[in-house]
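Asks: Take a look at this one; I'll ask things after.
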Amino acid sequence: MVSLFALILIHFILKKRLVFLLIRLGSILALWLFFLSGVILTHYYKDNNYHNHFSNHLSSEWLMVRVINQPQIKEKVISCKVRVLESLGQDKKLQGKAQVYFKRDSQSFKIKYGDQLIIKNRLQKIKEPKNQHQFNFRKFYNNQNIYHQGFFNHSQWVHSDQNTSNVLLSMGFSWQLQLRKLFNKYFEDDAVRGVAEAVIFGFKEDLDEDWLKAFSKTGTIHVLAVSGLHVGIIYVLMSFLLGISKSGGMSLIFKSTGILIVLFLYALLTGFSPSVSRASIMFGTVIIGNSFNRQSSIYNSLCLACFILLAVNPLNIYNVGFQFSFLAVLGIVYFKDDIRGLFPEASYFFDKIFVLLSVSIAAQIATFPLGLFYFHQYPNLFMFSNLIVIPCISIVLYLGVIFIFIAQFSNSLGEFISDIIGIYIQFIADAVNSIQNIPFAFFEGVYITKSQTVLLYTLIIIISLTVKYKWKIGLTLSIICVSIFILNDMFYLHKIRQTEVVTFNVKKGLLVGFKKKNHITLIISDGLLKDEKKIEYIVKPYLVANRLSNRYSFFPTSLQGLKANLKNIKLLGNGVVWFDDNAYVMNIDSNEIKIFE
């Protein structure tokens, strides 16, 4: 009897363990299947993997294309994305997207979303950057499934007088155009109008460059990109207007449906940006759950939003906004309550301030490694700037919604509300400009590698688990992680401290750098020296990556005839530079520099 009882007991114990083991194996298998499905989906999503991609039919002289986004007006060109439809004369159906630029004239200004154009087949592969660490446009566009580009003057394209557009997207672009006309009418200050358009309906082409830098340096750039903050504000506004908290039964379902429609229309207006789409799906999940008295998990909602967006477009994973958006929400959900617990209990007003600070800190914890990796800067005063900007931006968005409806019927009320919006935006701009001018308000020129970014996130996860679950091994793992980070940094420093002569690829000029240890001397054509934008675009990325942001000197080529010591080089006259025991001859006319044999 004892043996039989023991066998039965062992059977049930093994059965439970076996079931648990099978569940675990099934979960791991399911995750691997999802991962492999993603790899396969990404492969099939890329147009250049298909035989009928237009790059495989370059013998065609003319192509029929369709404009697939709202054209953007640049200084000298009209920029837009097109989808290739067919090869004219060969009757071949083709596919693939391209980034194209049309010379600005009366005809190109008429191009709009959905237009079918006939263009000369002069599309070329997007090239790699010509200078070290320069922004990689090829990678940027490849991550959008675009591999070719082309520039066309008036004789190299013609309108086919046909338009085949997606009805919903066409509606969204049409609304956006109407709103831009409305804002142009009521907002005279270009900079104020640019912020109002960006905050209220996500149009960022009119943003003032100086204001954009100020928002970036103070950690408030997120308010200029329609995101979960904006969707949340609209959700709160609609819930208040419809009285969601006091509703139930069928009334709650109808009101929830109305809010879902409003969120969808707002996402449509903003062009279904990843951040707005993510937030709309998440709020939609919560709304549907509440309308049927079901509790929803924020983590499940976040995963659902991520899954849907990646299933629709797997290349979204490379979108910087997508990455920041999901990490920020994840950080807020995980860290916010614990951070709020560090502040004392307070009255309603101060409690809201502490909650806002908690949200800002939580979002920064989750996103600062990504900010360092992509933008090489960190806003030290982000808490204070967000404390000022976010409440004001909320008011601007509320007033903006009211303005859009009121301005249709009353010019005087429209002007009154637009003036109030302008005052708030000017106050925000003054605040962020003042904050960025405070000493040590931000760090810039900070460069970390991909491996260091991964190590920072690993450290954040280890510290979080250690603090929350009293993980005993956490301190040891943190020390190991920090040690690896330091070793990685030392190896990188050794790599970039090599002596070298760097010739930058520039048009109509000469730009060459002589780097030794922790300083670089740059000889630059007089004309290029006055072009600050070109220097920032070409030279600054190199300086940041080599950690030379404050360790460089510029000298014009007009000094080539002199004999002088300039930092780590010596000018010998007649365009000869002595550096690292070698003589280099500068040829200004051919924009070349050669070692003297």
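Asks: Hey, any idea what the orientation-averaged projected area of the convex hull of the stretch 499-574's Cα atoms comes to, in nm²?
Replies: 4.9
Asks: For the stretch 455-489 and the stretch 93-121, write down the distance between their C-alpha centroids in whole Å.
Replies: 52
Asks: Return a whole-number percent for the relative contact order of the chain, with Cα pairs under 8 Å and 6 or more residues apart as the contact set. Intermediate values should be presented prior to the final figure.
Replies: On the way: 818 pairs, mean separation 55.4, N = 597.
It comes to 9 percent, rounded to a whole number.
Asks: Just want to confirm a number: the relative contact order over the stretch 450-496, from Cα pairs under 8 angstrom separated by 6+ residues, in percent.
Replies: 39
Asks: Same structure, new question: In what order do 345, 86, 209, 197 fall by count of nearby beta-carbon atoms within 10 Å, going from fewest to most?
Replies: Ranked by crowding around the Cβ, least crowded first: 345, 209, 86, 197.
Asks: Using each residue's phi in the stretch 138-143, evaluate 6.51 cos²θ - 1.76 cosθ + 1.60 at θ = phi - 60° and report the 3J(HN,Hα) Karplus result to the nearest Hz, with x for Gly and Pro.
Replies: Values, residue by residue: 4, 5, 4, 7, 4, 6 Hz.
Asks: Could you list which residues have their amide H under 5 Å from that of residue 86, counting only those 5 or more apart in sequence or on another chain, with H placed in the peptide plane?
Replies: 64, 94
Asks: Let me ask something else about it. Sort 554, 34, 403 so the one with the fewest other Cβ atoms within 10 Å of its own Cβ comes first. Could the numbers behind the result be given before it?
Replies: Numbers: 554 15, 34 10, 403 25.
Fewest-to-most Cβ neighbours within 10 Å comes out as 34, 554, 403.
Asks: If each residue of separation counts as 0.36 nm, what is the full-extension length gain between residue 488 and residue 251 once their alpha-carbon separation is subtracted?
Replies: Gain on extension, residue 488 to residue 251, equals 79.4 nm.
Asks: For the stretch 378-397 and the stretch 321-371, what is the centre-to-centre distance using only Cα atoms, to the nearest Å?
Replies: Here the answer is 13 Å between Cα centres.
Asks: With an 8 Å Cα cut-off and a minimum separation of 6 or more residues, compute the relative contact order for the stretch 412-494 in percent.
Replies: Values: 24 pairs, mean separation 17.2, N = 83.
Relative contact order for the stretch 412-494 comes out at 21 percent.
Asks: Mind checking the full-extension length gain between residue 205 and residue 438? Use 0.36 nm per residue of separation minus the Cα-Cα distance, one decimal, nm.
Replies: That pair, residue 205 and residue 438, stretches by 81.0 nm at full extension.
Asks: Right, here's the next one. Regarding the chain, what are the three Cα extents along the principal axes, ordered largest first, in Å?
Replies: Its Cα atoms span 100, 71, 61 Å along the three principal axes.
Asks: Here is a follow-up. Which cross-chain or sequence-distant (5 or more) residues have an amide H under 5 Å from the amide H of residue 583, H modelled 1.01 Å from N in plane?
Replies: Here 596 satisfy the definition.
Asks: Now for a different question. How high is the FRET efficiency between residue 537 and residue 25 when r is their beta carbon distance and R₀ equals 41 Å, given to the nearest 0.05?
Replies: Values: r = 52 Å, r/R0 = 1.28.
After rounding, the FRET efficiency stands at 0.20.
Asks: If you take the square roots of the eigenvalues of the alpha-carbon gyration tensor of the stretch 171-244 and sort them as a ≥ b ≥ c, do you get rounded (a/c under 1.5), prolate (a/b over b/c) or oblate?
Replies: oblate
Asks: I want to check the label-to-label distance for residue 392 and residue 74. Put each point 7 Å from Cα in the C-beta direction and report it in nm to one decimal.
Replies: For the pair residue 392/residue 74, the computed spacing is 3.3 nm.
Asks: Apply the a/c threshold of 1.5 to the C-alpha gyration tensor of the stretch 54-165 and tell me whether it is rounded, prolate or oblate.
Replies: oblate
Asks: How large is the convex hull of the C-alpha atoms of the stretch 320-380 per residue, in Å³?
Replies: Given the Cα convex hull of the stretch 320-380, per-residue volume reads 83 Å³.
Asks: What ³J(HN,Hα) values, in whole Hz, does the Karplus curve 6.51 cos²θ - 1.76 cosθ + 1.60 give for the stretch 303-310 when θ = phi - 60°, with x put for Gly and Pro?
Replies: 5, 5, 4, 4, 4, 5, 5, 6
Asks: Same structure again: Could I get the Rg over Rh figure for the stretch 206-271? Both from C-alpha atoms, Rh via Kirkwood, rounded to two places.
Replies: Working: Rg = 16.2 Å, Rh = 13.9 Å.
That ratio equals 1.17.
Asks: Apply the Debye scattering formula to the stretch 258-347, with a single equal point scatterer on each alpha-carbon and no solvent, then give log10 I(q)/I(0) at q = 0.18, 0.26 Å⁻¹.
Replies: Log-scaled intensity ratios, in q order: -0.87, -1.30.
None of the figures in this text is laboratory data; all of them are computed from the coordinates on show. Since the model is a prediction, treat every value here as computed from it, not as a measurement. Every residue, glycine as well, gets a Cβ built from its backbone with ideal geometry; the counts of neighbours run over all protein chains shown.
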